[in-house]
Amino acid sequence: MYKAVGSRGSRVSRVLWMLEELGQPYEFVEVALRSPEAYALNPSGKVPVLIDDDLVVTDSAAICVYLGDKHADKGMGANPGVTGRAEMDSWMHFAQSELEAPLWNKLRHRFLLPKDVRVDVGPAAAHDFASEIEALDRRLTGREFALGDRFSAVDVLLGDIGGWARGGRFKVASDTVNAYFDRVLSRPARARADANGGSF
């Protein structure tokens, strides 16, 4: 049985969602960010972490890719070959490095950084996020899901980011992207993941 380690309402939500989509049994282990338990699993003290027997995998995108690869028969991993891997990597890097970055920047300055170094990044974060939504709109043109006509690990990551953006009241000024977020966030596996520790 997998162990999904993290704190409620954190990026562990995407790990739980992925496991629910794959129909894999797991235990959610609640551990706080930068706690002794987190440092014991990840030198940065960050969660989520996936424990699969003796293997410890960190970073939510890496975990989702690993699970998609390990359970390839479920059809949530990359398309075949090196080109399929490159396509998935491109999407995953876009999701974390570009689409999610403004959300993370605002969260850090609102809640996580020491008060004496916080600044108001709200307007800049909103501007950057709007630009990335435009990019996502173009990427999704003619596609039901990121990789085409099938739901994959990429959609778990993008959908989770979309849920975070909506919760943080970031404007999503694209009918295409809003319809996509509606489509992926309404999946039953997402609701099960939230109920099992993915949300507060």
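Data table
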{"item": "Whole-Å distance, taken between Cα centres, linking the range 131-185 and the range 22-71", "result": "24 Å"}
{"item": "Cα-based reach from Lys74 at 23 Å (exclusive), listing lysines while leaving out same-chain residues under 8 positions away", "result": "Lys3"}
{"item": "Reference-scaled alpha-carbon Rg (2.2 N^0.38 Å with N residues) for the chain", "result": "1.00"}
{"item": "Estimated Rh, the range 50-115: Kirkwood, alpha-carbon pairs, angstrom", "result": "13.8 Å"}
{"item": "1.4 Å probe accessible area per residue over the range 83-170, in Å²", "result": "50 Å²"}
{"item": "Partners for Lys106 among aspartates and glutamates (Cα-Cα distance below 16 Å; same-chain residues under 8 apart left out)", "result": "Glu98, Asp116, Asp120, Asp128, Glu132"}
{"item": "Cα shape, the range 6-109, gyration tensor, a/c 1.5 rule", "result": "oblate"}
{"item": "Protection proxy ranking of 26-33, 192-199 - average other beta-carbon atoms within 10 Å, highest first", "result": "192-199, 26-33"}
{"item": "Convex hull volume per residue in cubic angstrom - Cα atoms of the range 113-158", "result": "81 Å³"}
{"item": "Carbon and sulfur %, accessible surface of the chain computed with the full protein complex present, 1.4 Å", "result": "52 percent"}
{"item": "Sites Lys74 and Ala101 - FRET efficiency at Förster radius 30 Å, r taken between beta-carbons, to 0.05", "result": "0.55"}
{"item": "Beta bridge orientation in the range 1-64: antiparallel %, DSSP, nearest 5", "result": "60 percent"}
{"item": "Within straight-line cross-link reach of Lys70, aspartates and glutamates at Cα separation under 13 Å, skipping those fewer than 8 residues along the same chain", "result": "Asp52"}
{"item": "Share antiparallel - DSSP beta bridges, the chain, percent rounded to 5", "result": "60 percent"}
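The values are calculated or read from the model by the stated rules, or taken from the named source; none is laboratory data. Quantities reported herein were computed from a predicted structural model and do not represent experimental measurements. Quick reminder, even Gly has a Cβ in these numbers, built from the backbone with ideal geometry, and neighbours come from all protein chains shown. Protein only, heavy atoms only, side chains kept; ligands, DNA and RNA dropped before computing areas. Shrake-Rupley method; radii C 1.70, N 1.55, O 1.52, S 1.80 Å.
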